[in-house]
Every structure is written in C-alpha cells, then in structure tokens.
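Taking it in order: structure first as structure tokens, then the write-up.
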Amino acid sequence: MNILDLPTKIHDESRQGEAYAPVAQETALFSKKFYIESYGCQMNFSDSEIVAAILHQEGFGATKQFEEASLILLNTCSIREKAEQTIRKRLTEFRKTKEKKPELLIGILGCMAERLKAKLLEEEKLVDIVVGPDAYRSLPALIAEAETGQKAVNVLLSREETYADIAPIRLDSNGVTAFVSIMRGCNNMCSFCVVPFTRGRERSRNADSIVAEVEDLFRRGYREVTLLGQNVDSYHWLNEADNTSVNFAQLLEKVALVNPLLRVRFSTSHPKDITDDVLYIMAKYKNICQYIHLPIQSGNSRILQLMNRTYSREWYLAKVDRIKEIMPDCSISTDIITGFCTETEAEHQDTLSAMEYAQYDYAYMFFYSERPGTLAAKRFTDNVPEAVKKRRLQEIINLQNELSKKSYMNDVGKSFEVLIEGESKKDNLYWKGRNPQNKMLVFPKKQFNYKPGDYVNVLVHDATQATLLGEIIPA
Ligand code: SAH
Ligand code: SF4
Ligand code: F3S
C-alpha cells in the first residue's frame with residue numbers, strides 16, 4: 001500500500017481503504033453464498049451490513065471465501081484516484097475467477113458505482129451488476145436480471161432513502177462495538193469532494209428507528225455505538241406525526257440515555273455545524289466519549305475559502321479552544337489535504353502551525369487528488385507538482401507523528417476506563433480496548449476473569465505512537 005495515499009496508521013482501528021471479509025453467519029443454512037469486500041469510509045462498511053441483510057432475505061449467506069461464492073460484491077470508494085485504482089485492480093482479479101466459473105456474478109456497489117454508472121459494465125465489461133448507494137433495495141431484482149444475462153444497473157439517488165427499517169447484519173463484528181447510520185448524503189459542497197455527487201442530498205434517519213436499533217444492540221451485548229454520517233452535526237429529523245423535530249444534540253442525548261453502560265461515539269463533525277449544545281451534551285453524559293473528529297483540511301484561510309469549507313483558520317482554531325474549554329480531556333483528530341490548487345509554501349506552513357496549535361491526537365493526511373466533476377476540477381488548476389505535494393505531506397506526517405507521540409506519552413501515569421473489545425492480535429494473553437479519547441490500550445489479562453464488553457480501569461505505564469500499554473487496576 002502506498003503510504004502517501006492512505007492515512008498513516010496513527011490508530012489501528014481505522015479500516016479506511018482496507019478490504020475485509022465478513023464473518024460467515026449460519027452459512028450452512030443458505031444454498032447461495034455471497035462474498036463482500038468494502039473500501040472507503042465507515043459509511044460504506046455500515047452499508048455493506050444493510051446489503052447483507054437484504055441478501056439474507058433472498059437466501060444468500062455470507063462467506064469469507066470468495067471461491068465458494070456465487071456472487072462477489074465490492075462496495076467501493078471514489079474519494080481519491082488511488083482508491084479507484086485499487087478497486088479496478090481487484091475487479092480484474094475477480095474477472096479471472098469468472099473466466100473459470102462463468103455463472104459467477106460480480107457486482108460493484110457504492111460510490112464508484114454511482115460515479116461511473118454503466119461505464120464499468122458497458123465499456124470495460126468488468127462487472128455484471130452496478131448499484132449506487134441509494135438503490136440497495138433493488139439488488140434482488142438486479143441479481144435476477146443479471147442471472148438471465150441482462151445488464152443490471154440502478155444508480156438512482158434518492159431524497160428519502162435511509163434504510164431505516166432494515167436491521168443490518170453485523171459483519172466481521174467483535175460483538176462489542178457497532179456503527180449506526182443516522183443520515184445519508186451531504187449538502188456541503190467542499191470543492192475537492194466527490195461525496196455530494198456519489199451520495200446525493202443529505203437526509204436524516206428517523207430518530208425512533210435509530211434509538212430502537214441502539215436498544216437492540218445493547219440487548220445483544222454491544223457496549224459501544226458510533227453514530228455515522230458525513231456531517232452528523234447537521235442531523236435534523238422532522239417527525240411528521242406530531243410536527244416535532246430532533247437535532248443532533250437531542251439525538252445524542254436520546255442515544256446516551258439508552259443505557260449508561262453503552263458508550264456513544266459519532267463521526268464526522270463539520271467544524272461549521274458542531275454547536276455548543278452538542279458540546280454540553282457530551283460533557284453532561286459520561287457515556288458519550290470525549291473524542292471529536294474535526295477535519296480542518298487546511299490551516300490557511302485563503303485555501304479554506306477555495307475549498308469552500310465556509311470557515312477561516314481563526315474560526316476553526318476558536319472552535320478547538322471552545323471544545324477544550326468545555327471538555328478539557330476531549331481528544332481531537334483531524335483530516336488534512338495538502339497541495340490543494342495554488343497552495344503556496346507559506347500557506348502550507350499555516351497548516352503546520354494550525355496543527356501545532358490544535359495539538360491533534362491523531363490525523364488522516366492526504367495529498368490533493370483531483371476528482372472529475374467537482375467544483376475544484378471545474379474552477380481551479382491542480383497546479384502543485386506531485387513532488388511538492390509529497391514533500392509537504394511528509395512534513396505534515398512527520399509533525400503529526402511528533403504530536404501523536406507527545407499526546408500518547410502524556411498519558412503515561414494516568415488511568416482510564418477501557419471497554420474491552422477483544423484479545424490483542426499479537427498476544428492472546430493480552431486484552432485490547434479503547435479509552436473514551438479513542439486511544440487503543442493493550443494490557444495483560446492476568447488472573448482476572450474479564451471478557452469482551454466489560455469495562456476495566458487501566459493504569460498506563462508506557463506508550464508507543466499508536467498504543468498505550470498498561471495494567472488492570474483491580475476493582
Ligand atoms: N464528511 C467528511 C469527510 C469525508 S471524506 C468531512 O467533511 O470531514 C474523508 C476525507 O478525505 C476528507 O476529510 C478529506 O480530508 C479527504 N478528501 C476528500 N476529497 C479528497 C480529495 N479530492 N483529495 C484528497 N483528499 C480528499
Ligand atoms: Fe465532502 Fe465536505 Fe461533505 Fe465532507 S462535508 S463529505 S468533505 S462535501
Ligand atoms: Fe469513499 Fe464514498 Fe465514503 S467516496 S469516503 S466511500 S462516502
């Protein structure tokens with residue numbers, strides 16, 4: 001994998017850009033099997049769980065072995081050119097499998113399906129089925145069409161679809177943490193971003209269905225939910241039955257009240273929309289984790305304006321101050337794009353100094369990749385040379401590595417409440433779990449009888465750049 005196109009792995013829970021195979025659920029009961037790989041953001045991983053539920057009803061069971069599947073699906077991402085290249089390569093590989101097994105159906109879902117529409121099917125003949133993010137309910141019909149050799153495409157975007165009534169089938173789950181989609185689409189028009197085109201208009205999911213899903217997860221032993229949306233702070237659901245509405249702060253409170261033993265996280269916040277109300281609700285409930293992902297993109301106001309982010313450097317940094325004022329222990333992470341059109345060396349320095357100011361605990365860092373059809377592609381020239389982009393990105397990564405190290409070292413000697421998520425990958429005598437600030441802790445199980453889903457207090461005695469090492473404090 002190319003480090004320059006992927007977020008550096010500051011925390012190992014990120015599944016950005018990685019493929020995953022689902023846990024096979026009762027596959028023996030199903031005559032037909034599907035295999036799904038997901039790429040991109042958490043929304044895609046969450047959508048794959050909706051797709052799994054739709055296919056389940058049609059008699060398809062999930063499998064981890066693509067060789068035994070009669071249907072292979074790729075849930076794709078278009079955010080950067082590199083993301084699409086990775087998927088094309090994967091499709092070519094699956095194409096070879098199909099040559100040996102002609103009855104195999106290959107489907108492309110998600111953002112790349114939406115962006116390229118029938119092109120993948122007609123010109124490149126890479127797939128049999130193309131389905132956009134709002135059209136998953138039509139998958140069974142499309143599969144039936146494809147089985148008869150017809151072209152099966154549905155890339156209609158919707159103003160209403162939220163899949164509110166579909167209970168997702170949890171794929172690859174640790175049984176402790178789950179994602180819950182609360183809204184779809186995005187109404188912002190950040191000039192670099194393809195998401196408004198691939199995901200359509202913003203719409204919020206029925207709050208009652210969100211709370212019901214969270215309650216069900218809690219009953220089934222889950223102890224942490226992450227509320228998902230491209231811009232969660234603009235969540236706004238109008239209950240037509242009684243003409244009342246629910247905003248994000250209110251939704252957060254409703255979810256926090258499901259049970260004090262259920263941790264609540266959310267992602268992503270747009271700096272312009274996160275309100276004091278949200279911050280106060282976070283501060284009020286101990287089970288809402290003190291962690292905010294607050295993408296800055298650039299630390300320079302001129303670039304921010306070209307990016308159409310609708311805030312300035314000063315406004316953003318004041319928001320960081322406000323968060324720290326209301327929640328001194330809140331951790332903050334960010335996304336940064338370097339080398340945006342016309343970015344000068346001095347403007348790049350502004351990004352570095354903003355990072356210093358904000359003291360991010362971690363960050364996802366990218367260089368600008370022009371996306372066809374976006375405002376930036378239409379209006380500006382992608383004129384920062386690749387070598388300059390890469391050098392600037394490296395400087396940003398180096399600085400973030402220092403900031404992360406400082407942030408993690410700063411936790412040595414402190415104790416945290418940790419939700420056990422499972423065994424450490426490296427050593428099954430150790431547990432792993434996160435603290436409210438979203439940092440991963442690893443600690444020996446010792447003689448204690450804890451299990452995943454339990455809370456423990458852990459005293460930190462050492463830190464690497466991405467993990468805190470500690471010992472359980474006996475209760
Ligand atoms: N909705 C989220 C971001 C979703 S995309 C938000 O508003 O913060 C995740 C990240 O990918 C963005 O925050 C941005 O940093 C990065 N990104 C988006 N478009 C990009 C592009 N054209 N080139 C490089 N990085 C991009
Ligand atoms: Fe893209 Fe901006 Fe919407 Fe995030 S808020 S998805 S960056 S347009
Ligand atoms: Fe990628 Fe679509 Fe998410 S473009 S980042 S999968 S919304």
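Nearest 500 deg cm²/dmol is fine: what mean residue ellipticity at 222 nm does the chain get from its DSSP H runs of n ≥ 4 alone, each adding -39,500 (n - 2.57), divided by its residue count?
Rounded to the nearest 500, it is -10000 deg cm²/dmol.
Assuming R0 = 41 Å, what is the FRET efficiency of Lys125 and Asn206, from their Cβ-Cβ distance, to the nearest 0.05?
After rounding, the FRET efficiency stands at 0.55.
Which of the aspartates and glutamates could a cross-linker span from Lys119 if the Cα-Cα distance has to be under 12 Å and same-chain partners fewer than 8 positions apart are dropped?
Asp128
Can you compute the label reach from Asn259? Point 7 Å from Cα along the Cβ direction, backbone N cut-off under 16 Å, restricted to region 439-470.
Flagged as within label range: 451-456.
Sequence-distant or interchain residues sharing an amide H contact under 5 Å with Lys33, placed H: which?
Residues meeting the amide H criterion: Gly61, Ser70, Leu71.
Sorted by average packing, counted as other Cβ atoms within 10 angstrom per residue and highest first, what order do 342-350, 295-303 take?
So the peptides 342-350, 295-303, ranked by packing, come out 295-303, 342-350.
What list of ³J(HN,Hα) values in whole Hz, one per residue of region 229-241 in order, does the Karplus curve 6.51 cos²θ - 1.76 cosθ + 1.60 (θ = phi - 60°) give from phi, with Gly and Pro shown as x?
Each residue's phi maps through the Karplus curve to give x, 5, 7, 4, 5, 9, 3, 7, 10, 9, 8, 5, 4 Hz.
Once both labels are modelled 7 Å past Cα along the beta-carbon direction, what's the Asp216-Asn449 spacing in nm?
Result: 3.3 nm between the two label points.
Once you keep just the Cα pairs under 8 angstrom separated by 6 or more residues, what percentage relative contact order results for the chain?
12 percent
Of the listed peptides 451-461, 382-392, 219-229, what is their order by residue-averaged count of other C-beta atoms within 10 Å, with the highest listed first? Walk me through the numbers before you get to the answer.
Working: 451-461: 17.0, 382-392: 15.2, 219-229: 19.3.
Put in order of decreasing packing, that is 219-229, 451-461, 382-392.
In nm, give the distance between the simple-model label positions of Asp276 and Arg322, each being 7 Å from the Cα along the Cα-to-Cβ direction.
0.8 nm
Taking H placed 1.01 Å from N in the peptide plane, check which residues at least 5 places from Tyr364 or on another chain put their amide H under 5 Å from its amide H.
Thr334, Asp335, Ile336
For Lys324, which lysines qualify as cross-link partners when the Cα separation must be under 28 Å and same-chain residues fewer than eight apart are set aside?
Cross-link targets: Lys9, Lys254, Lys272, Lys284, Lys286, Lys405, Lys406, Lys414, Lys432, Lys439.
In whole Hz and in residue order, list the ³J(HN,Hα) couplings for region 324-337 that follow from phi through the Karplus curve 6.51 cos²θ - 1.76 cosθ + 1.60, θ = phi - 60°; x for Gly and Pro.
Taking θ as phi minus 60°, the curve returns 5, 5, 7, 9, x, 8, 6, 8, 10, 10, 8, 10, 10, 10 Hz for region 324-337.
Quick one: Leu156, Leu429, Leu91, fewest Cβ neighbours within 10 Å first, how do they rank?
Result, fewest neighbours first: Leu429, Leu156, Leu91.
Using the Cα centre of region 313-381 as the reference point, and only Cβ charges (+1 on K/R, -1 on D/E), how large is the resulting charge dipole? Debye, rounded to the nearest 20.
Once rounded to the nearest 20, the dipole reads 380 debye.
Go ahead and run the numbers for FRET between Lys286 and Leu459, Cβ-Cβ distance against an R0 of 25 Å, rounding to 0.05.
0.80
Fewest to most neighbouring Cβ within 10 Å: what's the order for Cys111, Cys330?
Final ranking by Cβ density, sparse to dense: Cys330, Cys111.
Rounded, prolate or oblate: pick one for region 415-472, where a ≥ b ≥ c are the square roots of the eigenvalues of its C-alpha gyration tensor, a/c under 1.5 means rounded, and failing that, prolate if a/b is larger than b/c, else oblate. Display every interim value, and only then the final one.
Working: a/c = 1.42, a/b = 1.22, b/c = 1.16.
Note, shape of region 415-472 comes out rounded.
Assuming 0.36 nm per residue, please report the length gained on full extension of the stretch Ile473 to Lys405 beyond their Cα-Cα distance. Write down the numbers at each step before the final one.
Working: separation 68, 0.36 × 68 = 24.48 nm, distance 2.42 nm.
Residue separation times 0.36 nm, minus the Cα-Cα distance, leaves 22.1 nm.
For the residue pair Glu386 and Ala118, what label-to-label distance in nm results when each label sits 7 Å from Cα along the Cα-to-beta-carbon direction?
Simple spin-label model gives 3.4 nm for this pair.
Dipole of region 90-228, Cα-centred, from +1 at each Lys and Arg C-beta and -1 at each Asp and Glu C-beta, to the nearest 20 debye? All intermediate terms of the calculation are to be shown ahead of the outcome.
On the way: 22 positive and 21 negative charges, 70 e Å.
It comes to approximately 340 debye.
Roughly how big is the chain's charge dipole about its Cα centre, with Cβ charges of +1 (Lys, Arg) and -1 (Asp, Glu), in debye to the nearest 20?
640 debye
Assuming 0.36 nm per residue, please report the length gained on full extension of the stretch Glu314 to Glu370 beyond their Cα-Cα distance.
17.5 nm
No value in this document is a laboratory result; all are computed from the given coordinates. Here the structure is a predicted model, which is why all the values come from computation and not from measurement. Virtual Cβ from ideal backbone geometry, glycine too; neighbours counted across all protein chains shown.
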